[in-house]
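This report concerns only the one structure given below.
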Amino acid sequence: MSLVGLGMAAGPETARIQAFLDEARRGRSPSDSGVTITLPPGDDAAAFRVPTGEQVVVSSDASVEGIHFRREWVTWETIGYRAAAAALSDLAAMAAAPIGLVVSVALPPELGIEIASALGRGVGEIAARTGAEVLGGDLVASPGPAFLDVTVLGRASAPTTRRGARPGDELWVTGELGGAAAALRDLERGLEPDRTARSVFDRPSPRIDEARWLVERVDIRAAIDLSDGLLRDARHVAAASEVALRIDADRVPVATALDGFRQTPAAAKLALAGGEDYELLLVVSPGALQTAAPAFTAAFDLPLTRIGRVTRGKGVSVDGLEDHGLAGFDHFTCDP
């Protein structure tokens, strides 16, 4: 059954759907995105038109209880926010403006209407921040665990990709790295995380406005969002572009939450391989960001740091950190 909230027969499922939609769309007014919603939620599917000359960009991201979240660590509102933010971050990597999102949710039957409301509040919070409409989805019962899948739709005239890096190009990264991983490490140990690290973990910020600002001023050769850790995501760019990326460990902007042990191997592991920072790794031509970087920082109160370069070859290397043995997150690292 589509998550539409209109014209539906009464029942426990409908009540949960309506509770989710009420919270996800509370206080929203239509966004001025240049997109025409021709069929809003209320039917089997939604429909829209994008301006002439633009492409539709689509991505999805799943969040599974026990893998991506634990109920004892975060609220259901935060679970909804983080699931939607992770998917929206993929649009930022493509420098795409959000159109909307579709949310599929599987919940154990004992979780009541208040849980659906909390998930809706979280999804609605980040949707409103990024200008995305909640277009629909699905709700089903699950014997466990809980599960969310968020599909995002965006628009761009020329989406950025992972494939354009060339030898001689520069590597830049937005923000700071390692804060979310530091919070996760403490939660796994039963400790209360540093306040700033907890904030980054609970409420990550997809760099959509930042990416759109940059693509209007700079020729971004390649880009990726940092969901699985700098090293692992950098390897995706290297593989797609058929080049090597060389990162200077001393240049990587480490989160302030790691100040107490910034120069230790543990801090390097969190900053280079921790994941879930949802910052952007950007590849640009030499010197392209020298002028734009100060203006970017002034506009967004966010650092923009050069961390390395592109060379001929394959893979990713890290200068200043010997035998690091870091890989980043992979769902199937235990596979033979």
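Okay, here's what the table says:
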| read-out | value |
| --- | --- |
| Net charge of Cβ neighbours under 11 Å - reference THR311; Lys, Arg +1; Asp, Glu -1 | +4 |
| Relative contact order %, region 192-277, counting alpha carbon pairs below 8 Å whose residues are six or more apart | 41 |
| Estimated dipole of the chain in Debye, rounded to 20 [Cβ of Lys and Arg +1, of Asp and Glu -1, Cα centre] | 700 |
| Average accessible surface area per residue within the chain, 1.4 Å rolling probe, Å² | 45 |
| Helical contribution to [θ] at 222 nm, DSSP H n ≥ 4, -39,500 (n - 2.57), averaged over the chain, rounded to 500 | -9500 deg cm²/dmol |
| Extension gain (nm, one decimal) between ASP219 and ALA298, 0.36 nm per residue minus Cα-Cα | 26.5 nm |
| Length-normalised contact order for the chain - Cα pairs under 8 Å, 6+ apart - percent | 21 |
| Largest to smallest principal axis extent of the C-alpha atoms in the chain, angstrom | 62, 51, 42 |
| Three semi-axes of the equivalent ellipsoid, region 129-177, Cα gyration tensor, whole Å, largest first | 35, 17, 13 |
| Point-to-point label distance, HIS68-ARG306, nm (Cα→Cβ direction, 7 Å offset) | 3.6 |
| Surface accessible to a 1.4 Å probe, SER205 within the full protein complex, Å² | 30 |
| Farthest toward positive dipole pole in the chain [+1 Lys/Arg, -1 Asp/Glu at C-beta], among ILE208, ALA223, ALA24 | ALA223 |
| Point-charge dipole on Cβ atoms (K/R +1, D/E -1) for region 15-115, about Cα centre, debye to 20 | 120 |
| Rg(Cα) / (2.2 N^0.38 Å) computed for region 139-248, rounded to two decimals | 1.32 |
| Region 124-269 - charge dipole about Cα centre, Lys and Arg +1 at Cβ, Asp and Glu -1, debye rounded to 20 | 320 |
| Distance in nm between pseudo-label sites at ARG166 and ARG195 (7 Å out along the Cβ direction from Cα) | 4.8 |
| Farthest positive-ward along the chain dipole, Cα basis, beta-carbon charges - from ALA182, ILE99, LEU280 | LEU280 |
| Selection from ALA83, ALA299, ALA267, by position along the positive dipole direction of the chain (Cβ) | ALA299 |
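The values are calculated or read from the model by the stated rules, or taken from the named source; none is laboratory data. Keep in mind the model is a prediction, meaning the values are calculated, not measured. In this analysis, Cβ positions are derived from the backbone assuming ideal geometry, glycine residues included, and neighbour counts consider all displayed protein chains. Heavy atoms of the whole protein, side chains included, go into the accessibility calculation; ligands, DNA and RNA do not. Shrake-Rupley method; radii C 1.70, N 1.55, O 1.52, S 1.80 Å.
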